[in-house]
Amino acid sequence: MSKVKVLVLWGYGINCEVETHFVFKKVGSSPEIIHLSEIFSGEKSLRDYHIICFPGGFLDGDHLGSAQACSHRFRYLKIKGKIPLWDELMSFLEKGGLILGICNGFQLLVKMGLLPGGDYLGMRKVTLTYNDSGKFEDRWVHLKVNPETPCVFLKGLERLYLPVRHGEGKFIAESKELLQELKEKGQIALQYIHPESEEPTLEYPYNPNGSEEAVAGLCDPTGRIFGLMPHPEAFNHFTNHPKWTRLNTYLVEGLTIFENAVNWVKENLL
């Protein structure tokens, strides 16, 4: 068994935990699917893992907005009435752990203040809100990786083609100044692009939600916390590709994101 321990969270509406567990196992790690209640109660500890993944799904039914309720649990809940869960999360990060948030998981990361991180750690400076189209978007999108990003998960990648499945994926920053700062630091790690020009775009449907700066994924300044709206776990075999019968390659781009994370842990934490 691999020593790279991955915590794949589920519960309260999360519904992509099985695919996420599958891809982490496929790239050589030892993932566990753990219900959020086990973390909240203290039965399981965040500090026992190297990677934490918040998968996609309608967390708490999105009744109060995507991931809103769960973000308050991570910020204010005390394990067994004593230890702040937020402190446990900070201890995990201080040990050098990696955090990945996919779709609803990305929404959770920005709403609890883990992203954009750095000087803004714990602050809600950006958000993800309703798509400009006013509807749920289920399509494949073309993506460009920022060559200057410190993002651990995107090492060696230039382009991606992944599915999106969301109703609230529009990225908005608190101010134009903050957006420019994130851009300059390489924290805008992943952008929606037009398939012909291969340049970041606001044009629908290539940008499925209207995100500012065509943001599809954001990392913190260390590159160890990464959130993205597209679902890389859904592209875990070449036959997942909508045009797989006409492909000239069997490269499965979605897997590389998870493989990068596992390799980084092996090189830096084990």
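Okay, here's what the table says:
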| item | result |
| --- | --- |
| Qualifying residue in the range 164-178 (condition: among the acidic types (D, E), in a loop (DSSP other than H, G, I, E, B) and farther than 28 Å from W264 by Cα) | yes |
| Test: E174 is touching a Lys or Arg at 6+ places or on another chain (Cβ under 6 Å) and free of Cβ contacts under 8 Å to residues at least 60 places away in the same chain | yes |
| Residues located in the range 239-261, provided they are β-branched (V, I, T) and more than 15 Å from the chain's Cα centre (by Cα) | T239, T245, T249, V252 |
| Condition met for L89 (of a type outside the set (K, R), surrounded by 19 or more Cβ atoms within 10 Å (Cβ to Cβ) and either in contact (Cβ under 8 Å) with a residue 60 or more places away in the chain or not in a loop (DSSP other than H, G, I, E, B) (or both)) | yes |
| Considering residues of the range 220-238 that are surrounded by 22 or more Cβ atoms within 10 Å (Cβ to Cβ) and either modelled with pLDDT under 95 or among the aliphatic types (A, V, I, L, M) (or both) only, the residue farthest from the chain's Cα centre (by Cα) | F235 |
| Segments classed as helices (runs of 4 or more DSSP H), wholly inside the range 6-81, with at least 1 members that are surrounded by fewer than 24 Cβ atoms within 10 Å (Cβ to Cβ) and of a type in the set (V, I, T) | 17-26, 36-41 |
| Qualifying residues in the range 111-131 (those that are among the aliphatic types (A, V, I, L, M) and more than 14 Å from the chain's Cα centre (by Cα)) - the one surrounded by the most Cβ atoms within 10 Å (Cβ to Cβ) | V126 |
| Any hit, the range 158-181, residues being more than 15 Å from L109 (Cβ to Cβ), more than 14 Å from the chain's Cα centre (by Cα), surrounded by fewer than 18 Cβ atoms within 10 Å (Cβ to Cβ) and hydroxyl-bearing (S, T, Y) | yes |
| Given (1) closer than 19 Å to D132 by Cβ; (2) touching a Phe, Trp or Tyr at 6+ places or on another chain (Cβ under 9 Å); (3) in contact (Cβ under 8 Å) with a residue 40 or more places away in the chain; (4) hydroxyl-bearing (S, T, Y), index of the condition Y204 fails | (2) |
| Pick from the range 195-219, criterion within 22 Å of P116 (Cα to Cα), among the small types (G, A, S) and assigned to a loop (DSSP other than H, G, I, E, B), ranking: nearest to the chain's Cα centre (by Cα) | S211 |
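The values are calculated or read from the model by the stated rules, or taken from the named source; none is laboratory data. Note that the coordinates shown come from a computational prediction; the quantities given were computed from them, not determined experimentally. A quick note on method: Cβ atoms are made from the backbone with ideal geometry, for glycine too, and the neighbour counts reach across all protein chains shown.
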